[in-house]
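Student: Take this structure first; my questions come after.
Quick note: the coordinates plus some simple rules give every number you see, no bench work behind them. Model, not experiment: these values are computed from the prediction. Don't worry about glycine lacking a Cβ; one is built from the backbone with ideal geometry, like all the others, and counts go over all protein chains shown.
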Amino acid sequence: MAYRLSINGVEREVDVPGDMPLLWVLRNELGMVGTKFGCGVGLCGACTVHLDGVAQRSCSVPVSAVGEKKVATIEALAESETGRALQQAWLDEDVMQCGYCQAGQLMNATALLARNPQPSARQIDAAMSGNICRCACYTRIREAIAQVAGKEDTANV
């Protein structure tokens, strides 16, 4: 079946089964490989994208459920001021080790800051708890998010 999707501000059409996860549409049909496959059941967060600004696990969203929602992927993160600031904070805090989970981490962090520009450390931890980092960079992730939120001492955020 043909689906018309708005991805990163560009209208795209795909002819795929309605139950195909959005993750596979992005990666296999459209060649947008920034969104990563992690667990395939929505538990790790590596495949996080935004649907109308809300962080969603693309491995658990069938393409038929996207409808008129606007899809944003890691490829468009730098188009927003918050996205650019987070990317810089990731570098400043030396967040990445292997980097595999980072697209999902950044997408989740961007959604958090869009709905709460000055989260506390507890709020950051709660919002990011569904994104798994095998390298255990959680402290640096929190520090990078706090940096963008304008908070320097994450122990007292």
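Student: Using the alpha-carbon centroid of each, what span in Å lies between segment 66-141 and segment 11-42?
Tutor: Segment 66-141 and segment 11-42 have Cα centres separated by 20 Å.
Student: Can you give the relative contact order of the chain as a percent, counting alpha carbon pairs under 8 Å and 6+ residues apart? Write out the running numbers ahead of the final one.
Tutor: Details: 276 pairs, mean separation 34.6, N = 157.
In percent, rounded to a whole number, it is 22.
Student: Rank these for me by crowding, Met107, Met128, Met1, Met20, going from fewest to most other beta carbons within 10 Å.
Tutor: On the way: Met107 28, Met128 20, Met1 10, Met20 17.
Ordered by Cβ neighbours within 10 Å, fewest first: Met1, Met20, Met128, Met107.
Student: For the chain, modelled as a GNM with alpha-carbon contacts under 10 angstrom, which of Leu23, Leu43, Leu86 fluctuates the most?
Tutor: Looking only at Leu23, Leu43, Leu86, the biggest GNM fluctuation is shown by Leu43.
Student: Over the chain, one equal point on each Cα, no solvent: what is log10 I(q)/I(0) by the Debye formula at q = 0.09, 0.14, 0.19, 0.20 Å⁻¹?
Tutor: -0.28, -0.65, -1.11, -1.21
Student: Fewest Cβ neighbours within 10 Å first, please rank Asp19, Asp92 accordingly.
Tutor: Working: Asp19 9, Asp92 13.
With the fewest neighbours first, Asp19, Asp92 line up as Asp19, Asp92.
Student: For segment 80-156, how big is the tail of P(r) above 16 Å, as a whole percent of Cα pairs?
Tutor: Distances greater than 16 Å cover 39 percent of the Cα pairs.
Student: In segment 38-113, what GluC sites (Glu not before Pro) fall in a loop by DSSP, with at most 12 other Cβ atoms inside 10 Å?
Tutor: Values: sites: Glu68, Glu75, Glu79, Glu81, Glu93; in loops: Glu68, Glu93.
When the GluC sites (Glu not before Pro) of segment 38-113 are filtered for loop state and at most 12 Cβ neighbours within 10 Å, Glu68 remain.
Student: Compare the Cα positions of Gly45, Leu23, Ile74 along the charge dipole of segment 2-76 (+1 at Cβ of Lys, Arg; -1 at Cβ of Asp, Glu; about the Cα centre) and return the one farthest towards the positive end.
Tutor: In segment 2-76, that residue is Gly45.
Student: Mind sorting Thr139, Thr82 by how few other Cβ atoms lie within 10 Å of their own Cβ, fewest first? Display every interim value, and only then the final one.
Tutor: Numbers: Thr139 11, Thr82 17.
In order of increasing Cβ crowding within 10 Å: Thr139, Thr82.
Student: Here is a follow-up. Semi-axes of the equivalent ellipsoid of segment 2-76: what are they in whole Å, largest first, if each equals the square root of 5 times a C-alpha gyration tensor eigenvalue? Walk me through the numbers before you get to the answer.
Tutor: Working: eigenvalues 54, 36, 26 Å².
For segment 2-76, the ellipsoid semi-axes come out as 16, 13, 11 Å.
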